[in-house]
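Below is one structure, written out as structure tokens; the observations come after it.
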Amino acid sequence: QVQLVESGGGLVQAGGSLRLSCAASGIIFRVNVMGWYRQAPGKQRELVATMASSESTNYAESVKGRFTISRDNAKSTVYLQMDSLKPEDTAVYYCNLVPYLDYWGKGTLVTISS
């Protein structure tokens, strides 16, 4: 069965950096478009970054120039490097396919203090 396990979240000050990881299993990772999503308190889940099997990427305007998505197909892992973090980046971050599966992992909490 599908498993998505996110890690790497934490509490950092504004301007800091974090690197998130997501290990996937139960899917043919290398052929899928992978994405990072986030859900802030009281808000809907949003897609912030995607990476296709061709390694082409797309970013939400709110994170463009600050976040970088990458993938390691040999490890079935997708990463999100987050720099110049802002308090509004505070959210639970999830990885999933694009479009997403009904299954979601537990996510990893990112908290940015001002």
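The values are calculated or read from the model by the stated rules, or taken from the named source; none is laboratory data. Everything numeric in this text was worked out from a predicted model, so none of it was measured. Note that we place each Cβ from the backbone using ideal geometry, even for glycine, and neighbour counts take in every protein chain shown. Each accessible area value is taken on the protein alone, full model and side chains, heavy atoms only, with ligands, DNA and RNA left out. Shrake-Rupley method; radii C 1.70, N 1.55, O 1.52, S 1.80 Å.
When residues of the range 64-75 are filtered for being open to solvent by less than 30 Å² (accessible area, probe 1.4 Å) and of a type outside the set (A, V, I, L, M, F, W, C), how many remain?
2
The rows are residues; the columns are (1) modelled with pLDDT under 95; (2) open to solvent by 20 Å² or more (accessible area, probe 1.4 Å); (3) not in a loop (DSSP other than H, G, I, E, B).
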| site | (1), (2), (3) |
| --- | --- |
| 27 | yes, yes, no |
| 30 | yes, yes, yes |
| 48 | no, no, yes |
| 62 | no, yes, no |
| 78 | no, no, yes |
| 84 | no, yes, no |
| 105 | no, no, no |
| 109 | no, yes, yes |
| 112 | no, no, yes |
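Mind counting the residues in the range 35-46 that are open to solvent by 30 Å² or more (accessible area, probe 1.4 Å), basic (Lys, Arg) and either at pLDDT below 95 or within 17 Å of residue 99 (Cβ to Cβ) (or both)?
1
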